[in-house]
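Visitor: Here it is: the structure, laid out below.
The values are calculated or read from the model by the stated rules, or taken from the named source; none is laboratory data. Just so you know, these numbers come straight off a predicted model, no measurement behind them. No Cβ is skipped: glycine too gets one built from the backbone with ideal geometry, and neighbour counts run over all protein chains shown. Heavy atoms of the whole protein, side chains included, go into the accessibility calculation; ligands, DNA and RNA do not. Shrake-Rupley method; radii C 1.70, N 1.55, O 1.52, S 1.80 Å.
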Amino acid sequence: MAGERTIVVTGCSSGIGAHCARALKADGWRVFATVRKTEDLASLEADGIEAFLMDYARTETISELVDSVMKRSGGRIDALFNNGAYGQPGAVEDLSTSALRAQFEANFFGWHELTRQVIPAMRRRAEGRIVQCSSILGVVPYRYRGAYTASKFALEGLSITLRMELQGSGIHVSLIEPGPIATRFTANALAKIREHIDVDNSPHAADYVRQLARLDGSGPVNRHKLGPEAVYSVLKHALNSKNPRPHYPVTTPAKQGMVLKRLLPADLFYRLMRWTD
């Protein structure tokens, strides 16, 4: 790809998105970063990153973003890193359909809309990279994460299908599957469980005590948690390799989960996951 490469990175207010946007800028990319709140624009712009407001749940903001990027870049979008997402904790039977629908709007349907809108620019150049920041929970299930797991399972299936359909076009699709990463993700999940789950009156009330401790930081610390730079390491490969991989697991638990799912009988694997904490 000759000239300055352009990339759209979503969910850049903190965590993985914020780190990757700045690292990409340092590596010579022209970065178009998105956030949902006006107050998060300034810190990105101060680092020379072109920042925009976009909310996956509001289709009009996706179209406005793509129009703005196309005008500024002269119609060039070399890569897309879909990253912005949140997790809605809660037992499946405690989830309202509206809470589940909101999870899919932010984690799945909005990603699909943005992806569809950038593909024509990539097709015109006969090259491009689409990288989806999925999760190990898009490959293996986990208790009390049903909404998030469902959204990521859907993302995995749709993205791999897209990868197959784009073969030969010059556009490559990859999925990154992180395990525990040090971000504000758990703090946001804590707010969502308090907003949508009636913890005290649930048949899972006793289990929620442990789940809430994991989210608010009062429980045990996950010794396998890595920083967002671990995600950037594989993102670089997905963006720059001649033959990017379909899957990039990140962290030891993610890699172990993929191996165990492949090797163990299904019933044994799901029973093992039932007691994983």
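Visitor: Sort out which residues of the range 44-57 are open to solvent by 50 Å² or more (accessible area, probe 1.4 Å), of a type outside the set (G, A, S) and touching a residue at least 24 places away in the same chain (Cβ under 8 Å), and write them in order of number. Walk me through how you get there before you give the answer.
Guide: Of all residues in the range 44-57, those open to solvent by 50 Å² or more (accessible area, probe 1.4 Å) come to 45-47, 53, 57.
Still in the list and also of a type outside the set (G, A, S): 45, 47, 53.
Of everything in the range 44-57, just one residue is open to solvent by 50 Å² or more (accessible area, probe 1.4 Å), of a type outside the set (G, A, S) and touching a residue at least 24 places away in the same chain (Cβ under 8 Å), namely D47.
Visitor: Looking at the range 96-139 only, could you name the residues that are more than 19 Å from F185 (Cα to Cα), open to solvent by less than 20 Å² (accessible area, probe 1.4 Å) and either modelled with pLDDT under 95 or assigned to a helix (DSSP H, G or I) (or both)?
Guide: The answer is L114, T115, V118, A121, M122.
Visitor: Among the residues of the range 254-277, which ones are touching a residue at least 24 places away in the same chain (Cβ under 8 Å), open to solvent by 70 Å² or more (accessible area, probe 1.4 Å) and assigned to a loop (DSSP other than H, G, I, E, B)?
Guide: D277, the sole residue that qualifies.
Visitor: Any idea which of (1) touching a strand residue (DSSP E or B) at 6+ places or on another chain (Cβ under 6 Å); (2) outside any loop (DSSP other than H, G, I, E, B); (3) farther than 18 Å from R145 by Cα; (4) open to solvent by less than 70 Å² (accessible area, probe 1.4 Å) is the one E177 doesn't satisfy?
Guide: (3)
Visitor: For the condition part of a helix (DSSP H, G or I), in contact with a Leu (Cβ under 6 Å, 6 or more places away or on another chain), open to solvent by 10 Å² or more (accessible area, probe 1.4 Å) and free of Cβ contacts under 8 Å to residues at least 60 places away in the same chain, what is the one hit in T149, T161?
Guide: Matching residue, one of T149, T161: T149.
Visitor: Another one. Please go through the range 71-95 and give me each residue that is hydroxyl-bearing (S, T, Y) and part of a loop (DSSP other than H, G, I, E, B), ordered by number.
Guide: Y86
Visitor: Moving on to the next point. Looking at S68, is it assigned to a helix (DSSP H, G or I), at pLDDT 95 or above and either more than 27 Å from R125 (Cβ to Cβ) or under 22 Å from the mean Cα position of the chain (by Cα) (or both)?
Guide: no
Visitor: Ok, one more. Report, by residue number, each residue of the range 224-248 that is in a strand (DSSP E or B) and open to solvent by 40 Å² or more (accessible area, probe 1.4 Å).
Guide: Passing the criteria: L226, H247.
Visitor: Only residues in the range 167-188 that are farther than 17 Å from T251 by Cα count as the first member; pair them with residues that are of a type in the set (D, E) and open to solvent by less than 60 Å² (accessible area, probe 1.4 Å), Cβ under 8 angstrom, at least 6 apart or cross-chain, and list the lot.
Guide: Pairs that qualify, where the first residue is farther than 17 Å from T251 by Cα and the partner is of a type in the set (D, E) and open to solvent by less than 60 Å² (accessible area, probe 1.4 Å), are G170/E127; I171/E127.
Visitor: Considering only the range 66-86, I want to know if a residue exists there that is without any contact (Cβ under 8 Å) to a residue 60 or more places away in the chain, crowded, with 21+ Cβ neighbours inside 10 Å and in contact with a Ser or Thr (Cβ under 6 Å, 6 or more places away or on another chain).
Guide: Among the residues of the range 66-86, not one is without any contact (Cβ under 8 Å) to a residue 60 or more places away in the chain, crowded, with 21+ Cβ neighbours inside 10 Å and in contact with a Ser or Thr (Cβ under 6 Å, 6 or more places away or on another chain), which makes the answer no.
Visitor: Please go through the range 228-277 and give me each residue that is among the polar types (S, T, N, Q) and within 24 Å of A23 (Cα to Cα), ordered by number.
Guide: Selection gives S233, N240, S241, N243, T251, T252.
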